[in-house]
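Each remark here refers to the structure printed beneath this line.
The values are calculated or read from the model by the stated rules, or taken from the named source; none is laboratory data. A quick note: this is a predicted structure, and the numbers were derived from the prediction, not measured. Backbone-built Cβ (ideal geometry, glycine too); neighbour counts: all protein chains shown. Quick note on the areas: whole protein, heavy atoms, side chains included, nothing else; ligands and nucleic acids left out. Shrake-Rupley method; radii C 1.70, N 1.55, O 1.52, S 1.80 Å.
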Amino acid sequence: MFSAGAGRVKQGEVTLETPPDEMRQFGHAVVESLIRHYSGLPNERVVNVANRDETEALLREPPPEEGQGLEQLLREFEQKVVPRTSHVDHPRMFAFIPGSGTFVGAMGDALASGYNIYAGTWIESSAAHQIELVVIDWFKSWLGLPETAGGTLVSGGSVANLTGLILARERRLGDMRQDGVIYTSELAHSCIDRGARILGFRPEQLCKLQIDAAFRLDIAALERAVTEDVAAGRRPFCVVANAGATSTGSIDPLPEIADLCEEHGLWLHVDAAYGGFAVLDERGRQLLEGIERADSLALDAHKWLYTPFEAGCVLAREVHHLYDAFHILPEYLVDVAGGPSHPNMCDHGIQLSRSCRALKIWLAIKHFGLARYRAVISRTMDLAHYGQELLERTPGIEIVSPVALSVVTFRYVPPSLRGTGGELDEHRLEEINDEIRRRIWDSGRAMLSSTRVRGLYVLRLCVVNHNTRRADVEELVRLVGEHGAAVAAELGSG
Ligand SMILES: Cc1ncc(COP(=O)(O)O)c(C=O)c1O
C-alpha cells in the first residue's frame with residue numbers, strides 16, 4: 001500500500017518528496033498499468049467518448065487540501081480516465097493521422113520528465129542538446145538535406161509549419177507586408193491557414209490553388225497565379241507544398257515546384273508532417289523526390305516515426321536562418337549565451353523553456369534500430385494498398401482517391417443510387433456515408449474518418465500504426481460493407 005500524501009505534511013518540514021519505496025512501488029504499478037494497456041489494446045474499444053455531463057460528474061472537484069495515496073490515484077485514472085479515452089494507438093485506428101507510440105518512447109519521456117531536463121540552453125543540458133543535434137542530423141540525412149541544414153524539435157506539425165512560415169517571411173519579406181502572397185493547394189492542412197493568420201496575413205494573402213488529376217498542386221495554376229500576382233503589383237514570396245496531404249496522402253510535384261520557386265525567388269516550405277518519414281521506405285523515398293530542395297520542412301515524429309505525443313520537428317536548409325529569425329539575448333540570459341558550435345535550442349524557435357523531446361526519439365531508434373522502422377513503415381504502406389484492394393472487391397464501394405503513401409478515400413454508393421445515368425444524389429450519399437462512419441465509431445471495433453475530396457463527402461482510411469495487421473484492415477472493410485448495406489436498406493436506398 002502507498003501512504004497518503006497527507007501523511008508527510010508536518011509542521012516545519014513540508015516537502016514534495018516521495019520516499020524511495022513509494023517511488024518504486026508507484027513506478028512499478030504505473031509500468032504494470034502500461035503493460036496491461038499495451039497487451040490488451042487489440043481487445044479494447046477504439047472510440048471511447050463520454051459526454052460533458054458525465055465527465056463533469058466524475059472529475060469536477062476543488063483541489064484537495066490534503067493529499068491522497070498514489071495507489072488510489074492510479075486506480076482513479078484507470079477507472080475514470082482510461083475508459084473515456086479513445087485509443088489513437090489502437091491497431092484498428094484508421095482515422096485522421098493516427099499516432100502509435102512505443103513503450104520505449106514513453107519511458108524516454110518519463111526519463112526526460114523525471115530528470116526534468118531543461119532543453120532550452122546548451123549550458124543547462126549539453127548532452128541533451130547533443131542528442132537533439134544527432135536526431136536532427138539523422139532526419140536531415142534521411143531527407144537528403146545538405147550539411148548546412150539544421151532544425152529543432154517542437155510540439156508538432158502545426159508549430160513546425162508556423163516556424164517555416166516565420167522563416168519564409170523573415171527571409172523573403174523582412175517586415176510584414178500587406179502585399180505578400182503565400183501559395184499552397186486546396187488540400188493544405190488548416191494549420192497553414194492558422195499559421196498565416198497568427199503572423200498577421202489576411203486570408204486573401206494565402207492563395208489556395210486547385211489540384212490536378214492526381215490530387216497534387218496544379219503546377220500550371222501555380223505558375224499562372226504567380227505571374228498574375230506579380231503583374232498586379234503583389235509580392236509572391238512562399239510556396240507551401242504538401243508531402244502527404246492529410247485528406248488524400250498525395251504529394252505535390254516537389255521538383256517542379258522547387259524549379260518554379262528557384263526561378264521566382266520564392267521560399268519553398270514543405271509540409272511533410274504526415275509523409276516525411278516515408279523516406280525510410282524505398283517507394284516513399286522515390287515518391288518524395290525533390291523534398292531535399294526545400295528551404296524549410298515540417299515533420300511529425302508522433303505520426304509515422306512512432307514517438308509518443310508531442311514530437312514535431314522543423315528543419316531549415318540553412319540552420320542560421322532559424323538563429324537569425326529567433327535569436328534574442330536579454331541581459332538576464334547572457335550567462336547562458338550560445339554560439340554556432342554550442343547552440344541554444346531556445347535560439348532556434350518559439351520556446352525558451354523546452355522539454356527534452358529528443359530523448360524519446362533517440363532512445364527508441366537506438367533500441368529498435370532503423371531496419372525495424374523501415375520494415376514497419378513499409379508494412380503500413382502495404383496495408384493501405386491491401387485495404388484498397390479489399391475495398392475494390394466490396395460491393396457498393398467506389399474509390400475516390402487511390403492510395404497515396406498510406407491514405408485511400410472512398411464512399412459507399414448503394415446500387416439503387418448508381419447506374420441511373422443521371423447525377424448521383426450527393427446529399428443522400430453524404431447522409432449514408434456519414435451514418436456508416438457513425439455506426440463504425442459506435443461499434444467500438446474501428447475508427448475511420450471523413451473528409452471532402454473535390455467537394456465530395458468521402459470516408460478515409462489511413463494506415464500508420466505499427467501494430468496494425470492484415471486482419472485489422474480486413475475487419476474495417478468488412479464493417480464498411482456490412483454497415484453500408486444495412487444503412488442503405490434502412491434508408492430505402494438499397
Ligand atoms: C499534413 C499535416 N500537416 C500538419 C499537421 C498538424 O500537425 P500537429 O497535429 O502535430 O500539429 C497534420 C496533422 O494531422 C498534418 O497531417
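Under a plain spin-label model, where a point goes 7 Å from the Cα along Cα-to-Cβ, how far apart in nm are I350 and L59?
Inter-label distance under the simple model: 2.4 nm.
I need the P(r) histogram for the chain: all alpha carbon pairs, bin width 10 Å from 0 out to the longest distance, whole percents.
Distribution as computed: 4, 17, 25, 25, 19, 8, 2, 0, 0 percent.
If R₀ is 45 angstrom, what is the calculated FRET efficiency for the pair F103 and A231, using the beta carbon separation as r and rounding to 0.05?
0.20
What's the carbon and sulfur percent of segment 275-415's accessible surface, probe 1.4 angstrom, rounded to a whole number?
Result for segment 275-415: 55 percent of the exposed heavy-atom area is carbon or sulfur.
Starting from the coordinates of the alpha-carbon atoms of segment 160-279, obtain the Kirkwood hydrodynamic radius over all distinct pairs and give the value in Å to one decimal.
For segment 160-279, the Kirkwood estimate is 14.1 Å.
Grab the Cα-Cα distance for R177 and Y38, subtract it from 0.36 nm times how many residues apart they are, and report the gain in nm with one decimal.
Length gained, R177 through Y38: 45.0 nm.
Could I have the simple spin-label model distance between R374 and R452, label points 7 Å from Cα toward Cβ, reported in nm to one decimal?
Reported label-point gap for R374 and R452 is 4.2 nm.
Length gain on complete extension for the stretch Y332 to Y118, per 0.36 nm per residue less the alpha carbon to alpha carbon distance?
Taking Y332 through Y118 to full extension adds about 75.4 nm, to one decimal.
If you wrap a convex hull around the alpha carbons of segment 117-368, what volume per residue comes out, as a whole number of Å³?
117 Å³
Once label points are set 7 Å from the Cα along Cα→Cβ at both E490 and E76, what is their separation, rounded to one decimal in nm?
3.9 nm
Could you order L491, L383, L370 so the one with the most accessible surface comes first? Probe is 1.4 Å.
L491, L370, L383
Highest mean first, what order results for 399-411, 47-59 on Cβ atoms within 10 Å?
So the order, starting with the most tightly packed, is 399-411, 47-59.
Kindly provide the pair-distance distribution of segment 357-467 built from C-alpha pairs, with 10 Å bins from 0 and whole-percent values in order of increasing distance.
It works out to 13, 35, 28, 15, 6, 2, in whole percents.
Please report the orientation-averaged projected area of segment 36-191, defined via the convex hull of its C-alpha atoms, in nm².
Mean orientational projected area (segment 36-191, Cα hull): 15.8 nm².
Would you please give the FRET efficiency between D324 and E482, computed as 1/(1 + (r/R0)^6) with r the Cβ-Cβ distance and R0 = 51 Å, to the nearest 0.05?
For R0 = 51 Å, the calculated efficiency reads 0.35.
Sorted by average packing, counted as other Cβ atoms within 10 angstrom per residue and highest first, what order do 359-366, 142-149 take?
359-366, 142-149
Write down the accessible area per residue of segment 117-368 in Å², having rolled a 1.4 Å probe over the full set of protein chains.
39 Å²
So, by mean Cβ neighbours within 10 angstrom, what's the order for 124-136, 324-336, 22-34 with the highest one leading?
124-136, 22-34, 324-336
So what's the gap between the Cα centers of segment 248-279 and segment 349-404, to the nearest angstrom?
Each part's Cα centre sits 19 Å from the other's.
For K208, give me every one of the aspartates and glutamates with a C-alpha distance below 17 angstrom, ignoring sequence neighbours fewer than eight places off in its own chain.
Excluding near neighbours in sequence, the set is D179, E186, D193, D218, E223, E228, D229, D252, D271.
Based on the alpha-carbon set only, what is the convex hull volume of segment 415-494 divided per residue, in Å³?
Per residue, the Cα convex hull of segment 415-494 comes to 102 Å³.
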